[in-house]
Amino acid sequence: METIQIRYVNDTIEKLTYIENKSDWIDLRAAEEVSMKQGEFRLISLGVAMKLPKGYEAHVVPRSSTYKNFGLIQANHMGVIDGSYCGDNDIWRFPALAVRDTEIHVGDRICQFRIVENQPPILFEEVAHLDGEDRGGFGSTGRN
């Protein structure tokens, strides 16, 4: 089992927990009251700073209900937090774009994260031809 060091910026949000056998994504909560108008962008504080295990990065994405419940989309579509973002003031934030006027309250679950091992070193080998079979181009697997 891996250990993540975590610093809570304040005591207004619930402590993070990993619920085994339910999902390997961990919910993150808004750590501030936010009022946004349609079309507005804001970095919403998630109230935590973490030191990830060596060799890991975190992937942060919206929860499936974030758009429906809050009218927010994540402006960068998926956040990647690398292991070097680990200081006391490296507060995790959610880059939100409001598609309608909305209110987010302290403790609202707006996104989730998981940790993933860093990509191993890669060597690119240039070749004249690839030996795989062509699939037919972008979007070639059909509509169903």
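The values are calculated or read from the model by the stated rules, or taken from the named source; none is laboratory data. Values in this document were obtained by computation on a predicted structure and should not be read as measured data. All Cβ positions, glycine included, derive from the backbone under ideal geometry; neighbour counts span all protein chains shown. In case anyone asks, the SASA skips ligands and DNA or RNA and just uses the protein heavy atoms, side chains included. Shrake-Rupley method; radii C 1.70, N 1.55, O 1.52, S 1.80 Å.
Within segment 118-141, does at least one residue satisfy the condition of being touching a residue at least 12 places away in the same chain (Cβ under 8 Å) and buried (at least 16 other Cβ atoms within 10 Å of the Cβ)? Before the answer, list the steps.
Taking segment 118-141 and keeping what is touching a residue at least 12 places away in the same chain (Cβ under 8 Å), we get 118.
Among the residues that remain, those that are also buried (at least 16 other Cβ atoms within 10 Å of the Cβ) are: none.
Scanning segment 118-141 turns up no residue that is touching a residue at least 12 places away in the same chain (Cβ under 8 Å) and buried (at least 16 other Cβ atoms within 10 Å of the Cβ).
Please state which one of ALA58, ALA96 is open to solvent by less than 60 Å² (accessible area, probe 1.4 Å), modelled with pLDDT of 95 or more, part of a strand (DSSP E or B) and farther than 29 Å from GLU2 by Cα.
Numbers: ALA58 fails: farther than 29 Å from GLU2 by Cα.
When all the criteria are applied, what remains is ALA96.
Checked against the criteria, PHE41 counts as of a type in the set (Phe, Trp, Tyr) and open to solvent by 40 Å² or more (accessible area, probe 1.4 Å).
Among the residues making up segment 66-81, those that are assigned to a loop (DSSP other than H, G, I, E, B) and either modelled with pLDDT of 95 or more or closer than 18 Å to GLU32 by Cβ (or both) are GLY71, ALA75. One residue is enough: does segment 11-30 have a residue meeting the conditions open to solvent by less than 50 Å² (accessible area, probe 1.4 Å), touching a strand residue (DSSP E or B) at 6+ places or on another chain (Cβ under 7 Å) and free of Cβ contacts under 8 Å to residues at least 60 places away in the same chain? Yes, there is a match, as at least one residue in segment 11-30 is open to solvent by less than 50 Å² (accessible area, probe 1.4 Å), touching a strand residue (DSSP E or B) at 6+ places or on another chain (Cβ under 7 Å) and free of Cβ contacts under 8 Å to residues at least 60 places away in the same chain.
Scanning segment 21-40 for residues being closer than 24 Å to LEU97 by Cα, within 18 Å of the chain's Cα centre (by Cα) and not charged (D, E, K, R) gives a total of 5. In segment 41-55, what residues are over 29 Å from VAL99 (Cα atoms) and in a strand (DSSP E or B)? Selection gives MET50, LYS51. Counting residues in segment 105-126 that are of a type in the set (S, T, N, Q) and part of a loop (DSSP other than H, G, I, E, B) gives one or more. Could you please let me know if LYS51 is open to solvent by 80 Å² or more (accessible area, probe 1.4 Å), without any contact (Cβ under 8 Å) to a residue 12 or more places away in the chain, of a type outside the set (S, T, N, Q) and at negative phi? For LYS51, the condition - open to solvent by 80 Å² or more (accessible area, probe 1.4 Å), without any contact (Cβ under 8 Å) to a residue 12 or more places away in the chain, of a type outside the set (S, T, N, Q) and at negative phi - is not met. The combined condition, being at pLDDT 95 or above, over 15 Å from the mean Cα position of the chain (by Cα), farther than 26 Å from VAL99 by Cβ and of a type outside the set (S, T, N, Q), is not fulfilled by TYR18.
The set of residues in segment 77-93 being surrounded by 11 or more Cβ atoms within 10 Å (Cβ to Cβ) and under 10 Å from the mean Cα position of the chain (by Cα) consists of GLY79, VAL80, ILE81, TRP92, ARG93.
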